[in-house]
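One structure is given here, and the rest of the page talks about it.
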């Protein structure tokens, strides 16, 4: 953990280039040849939920993710993330994205060592996001950015963001100072989440250590693999710690087609019977996945994966997202229009489930 914090403190503020990249240029690793065909009926509308932005005061925090992607891509991402206006709206319009729930690109203040500074900056980020939501109320919603170093203050700020700033929930970027959200110190936060009846989007972040498994394999460190392992394990901690037994109304969202979770349900239920349980659960693991966990398609434009998710956790629990600007909006929007699903499933994923969950 110390090396990670040292990286933050020593990281220089990124130079913001003058040229604005398109989503396609940023997503150099995405496959332009994704096959698609015209659907029988396009969705009535499209809502996207994992769509990121950046503010100048948070660029140094973003530098922690420099270790996870190609330097050439990282050094040009800030201008695109920083655009709330013509550039972002043009991409949405060209690709039929009607509404985007915006979130600060992580890790943000969750790696800020000064608790008071983290609280102050989180509040500032939320006020700035609220301004952009107010400027484009029919196009932008928002997930609150929270200083999880202080669970009580995080609960207060979430309430302010939902009740006063009209945000749809919160996005949390993994652990904070080595604490995961199943820690009982966060019970006061989950109590507020349940009271407000809003979801928490559990977004990937680097763990506080560097597991030996990833030694000499930098390609596995980040969005290719380690983030999925970290985030799915975080969700598992919430299940196995009894968090959803204590707060049955709490809801989380996992991106990237559920971070591999949909394919695991049968085995989780089977092997829990032989596991060394620390907490007694009221239900089998799959019960909590289907009741308390929603997923988005962000970064996974694949019919087989979507079919698995719909069949595994239920068509009411899957929602569309792009992961802008790190994935290509045109590929994601074409895919959801042409994926091999029923008309009812397409509309549920494209907009209906998000509308119900976040009361849009």
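The values are calculated or read from the model by the stated rules, or taken from the named source; none is laboratory data. Source: prediction; values computed, not measured. FYI the Cβ positions are ideal-geometry reconstructions off the backbone, even for glycines, and counts take in every protein chain you see.
Would you be able to say whether some residue in the stretch 207-218 is buried (at least 17 other Cβ atoms within 10 Å of the Cβ) and over 16 Å from the mean Cα position of the chain (by Cα)? Break it down into steps so the answer makes sense when it comes.
Pass one, the stretch 207-218, residues buried (at least 17 other Cβ atoms within 10 Å of the Cβ): 207-208.
Next cut, over 16 Å from the mean Cα position of the chain (by Cα) only: 208.
Checking the stretch 207-218: at least one residue is buried (at least 17 other Cβ atoms within 10 Å of the Cβ) and over 16 Å from the mean Cα position of the chain (by Cα).
Can you tell me how many residues in the stretch 254-298 are out of contact with any helix residue (DSSP H, G or I) (no Cβ under 9 Å at 6 or more places or on another chain) and either surrounded by 23 or more Cβ atoms within 10 Å (Cβ to Cβ) or part of a strand (DSSP E or B) (or both)?
0
Just give me the residues in the stretch 316-329 being in contact with a helix residue (DSSP H, G or I) (Cβ under 7 Å, 6 or more places away or on another chain) and buried (at least 17 other Cβ atoms within 10 Å of the Cβ), in sequence order. Spell out how you get there, then give the answer.
Narrowing the stretch 316-329 to residues in contact with a helix residue (DSSP H, G or I) (Cβ under 7 Å, 6 or more places away or on another chain): 316-320, 322, 324-326, 328-329.
Those that are in contact with a helix residue (DSSP H, G or I) (Cβ under 7 Å, 6 or more places away or on another chain) and buried (at least 17 other Cβ atoms within 10 Å of the Cβ): 317, 318, 319, 320, 322, 324, 325, 326, 328, 329.
Those residues that are under 22 Å from residue 45 (Cβ atoms) and in a loop (DSSP other than H, G, I, E, B), I need them from the stretch 115-174; list them, please.
136, 137, 138, 139, 166, 167, 168
Just for the stretch 95-114: of the residues that are part of a loop (DSSP other than H, G, I, E, B) and under 16 Å from residue 170 (Cα atoms), which one is modelled with the lowest pLDDT?
Once the filter is applied, the top-ranked residue is 106.
Out of everything in the stretch 53-75 that is outside any helix (DSSP H, G or I) and out of contact with any strand residue (DSSP E or B) (no Cβ under 6 Å at 6 or more places or on another chain), what residue ends up being surrounded by the most Cβ atoms within 10 Å (Cβ to Cβ)?
We begin by selecting, within the stretch 53-75, every residue outside any helix (DSSP H, G or I); these are 53-55, 69-70.
If we keep only those that are out of contact with any strand residue (DSSP E or B) (no Cβ under 6 Å at 6 or more places or on another chain) as well, we get 54-55, 69-70.
Numbers: 54: 23, 55: 20, 69: 17, 70: 10.
For the stretch 53-75, the residue satisfying everything is 54.
Is there a residue being in a helix (DSSP H, G or I), modelled with pLDDT of 95 or more and crowded, with 17+ Cβ neighbours inside 10 Å anywhere in the stretch 246-253?
Taking every residue of the stretch 246-253 in turn, none turns out to be in a helix (DSSP H, G or I), modelled with pLDDT of 95 or more and crowded, with 17+ Cβ neighbours inside 10 Å.
All but one of (1) under 17 Å from residue 298 (Cα atoms); (2) out of contact with any strand residue (DSSP E or B) (no Cβ under 8 Å at 6 or more places or on another chain); (3) in a helix (DSSP H, G or I); (4) at pLDDT 80 or above hold for residue 92, so report the exception by its number.
(2)
Condition test on residue 150, is it at pLDDT 95 or above and more than 16 Å from the chain's Cα centre (by Cα)?
So residue 150 passes the test.
For residue 162, all conditions in the list (1) at pLDDT below 95; (2) in contact with a strand residue (DSSP E or B) (Cβ under 8 Å, 6 or more places away or on another chain) hold save one; what is the number of the exception?
(1)
Would you point out which residue out of 109, 80 is touching a residue at least 60 places away in the same chain (Cβ under 8 Å) and buried (at least 17 other Cβ atoms within 10 Å of the Cβ)?
Values: 109 fails: touching a residue at least 60 places away in the same chain (Cβ under 8 Å).
80 is the lone residue from the list that is touching a residue at least 60 places away in the same chain (Cβ under 8 Å) and buried (at least 17 other Cβ atoms within 10 Å of the Cβ).
Criterion first (touching a helix residue (DSSP H, G or I) at 6+ places or on another chain (Cβ under 6 Å), at pLDDT 95 or above and surrounded by 15 or more Cβ atoms within 10 Å (Cβ to Cβ)) does residue 238 satisfy it?
Details: touching a helix residue (DSSP H, G or I) at 6+ places or on another chain (Cβ under 6 Å): no; at pLDDT 95 or above: yes; surrounded by 15 or more Cβ atoms within 10 Å (Cβ to Cβ): yes.
Taking the combined requirement at face value, the residue does not satisfy it.
Is there a residue in the stretch 309-330 that is assigned to a helix (DSSP H, G or I), modelled with pLDDT of 95 or more, closer than 26 Å to residue 81 by Cα and over 19 Å from the mean Cα position of the chain (by Cα)? Outline the logic, then answer.
From the stretch 309-330, those assigned to a helix (DSSP H, G or I) are 309-313, 315-317, 329-330; that's our starting set.
Going one step further and asking which of them are modelled with pLDDT of 95 or more, we end up with 309-313, 315-317, 329-330.
Right, trim to closer than 26 Å to residue 81 by Cα and you get 329-330.
Within this subset, residues satisfying the condition of being over 19 Å from the mean Cα position of the chain (by Cα) are 330.
Yes, because at least one residue in the stretch 309-330 is assigned to a helix (DSSP H, G or I), modelled with pLDDT of 95 or more, closer than 26 Å to residue 81 by Cα and over 19 Å from the mean Cα position of the chain (by Cα).
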